[in-house]
1. For the residue pair GLU15 and LYS37, what label-to-label distance in nm results when each label sits 7 Å from Cα along the Cα-to-beta-carbon direction?
2. Do any of LYS24/LYS70; LYS24/LYS71; LYS23/LYS70; LYS23/LYS71; LYS16/LYS37 go past 19 Å between their Cα atoms, and which?
3. Could you size up the charge dipole of the range 1-81 around its Cα centre, putting +1 on the beta carbon of Lys and Arg and -1 on that of Asp and Glu, and report it in debye to the nearest 20?
4. Multiply the residue separation of MET1 and GLU25 by 0.36 nm, subtract the distance between their alpha-carbon atoms, and state the gained length in nm to one decimal.
5. Mean residue ellipticity at 222 nm from the helices of the chain, using -39,500 (n - 2.57) per DSSP H segment of n ≥ 4 over the full residue count, to the nearest 500 deg cm²/dmol?
6. Specify the angular offset, from 0 to 90 degrees and rounded to the nearest 10, of the alpha carbon long axis of helix 11-23 from the longest principal axis of the alpha carbons in the chain.
7. Among GLN11, ASN34, TYR69, which residue has its Cα positioned farthest towards the positive end of the charge dipole of the chain, with +1 placed on the Cβ of Lys and Arg, -1 on the Cβ of Asp and Glu, and the dipole taken about the Cα centre?
8. FRET efficiency for SER51 and LEU77, Cβ-Cβ distance as r, R0 = 35 Å, nearest 0.05?
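The values are calculated or read from the model by the stated rules, or taken from the named source; none is laboratory data. None of these values were measured; they are calculated from a predicted model. Cβ coordinates were reconstructed from backbone atoms using ideal geometry, including for glycine residues, and neighbour counts include every protein chain displayed. For accessibility, only protein heavy atoms count, side chains too; no ligands or nucleic acids. Shrake-Rupley method; radii C 1.70, N 1.55, O 1.52, S 1.80 Å.
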Amino acid sequence: MNTKLTLTIEQSVIEKAKSYARKKERSLSDLIENYLKAITNEEPVQKIEISPTVKSLRGSFKIPNDFDYKKELTDRLSKKYL
């Protein structure tokens with residue numbers, strides 16, 4: 001059952017959150033609900049064992065702030081298969 005909730009949040013934060021939700025094609029309510037579910041989940045998180053090789057690579061590559069993962073993937077796959 002869904003229940004209405006009133007929150008008091010800074011206007012600038014609301015605007016940024018709405019913009020983020022639009023970019024992700026989700027509603028702000030959905031994002032907040034899923035966030036609250038994630039932080040209140042009582043199931044223990046399984047730790048994944050990382051190999052020494054992968055650990056040694058950590059921090060060796062810095063992604064630019066304007067990096068578009070989806071565009072880069074599309075470009076690379078297009079070059080490979082077309």
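1. Result: 3.1 nm between the two label points.
2. Pairs exceeding 19 Å: LYS16/LYS37.
3. Computed charge dipole of the range 1-81: roughly 400 debye.
4. 6.3 nm
5. Working: 4 runs with 45 residues, N = 82.
Theoretical 222 nm ellipticity from helices: -16500 deg cm²/dmol.
6. So the helix axis and the longest Cα principal axis differ by about 50 degrees.
7. Value: TYR69.
8. On the way: r = 27 Å, r/R0 = 0.76.
The computed FRET efficiency comes out at 0.85.
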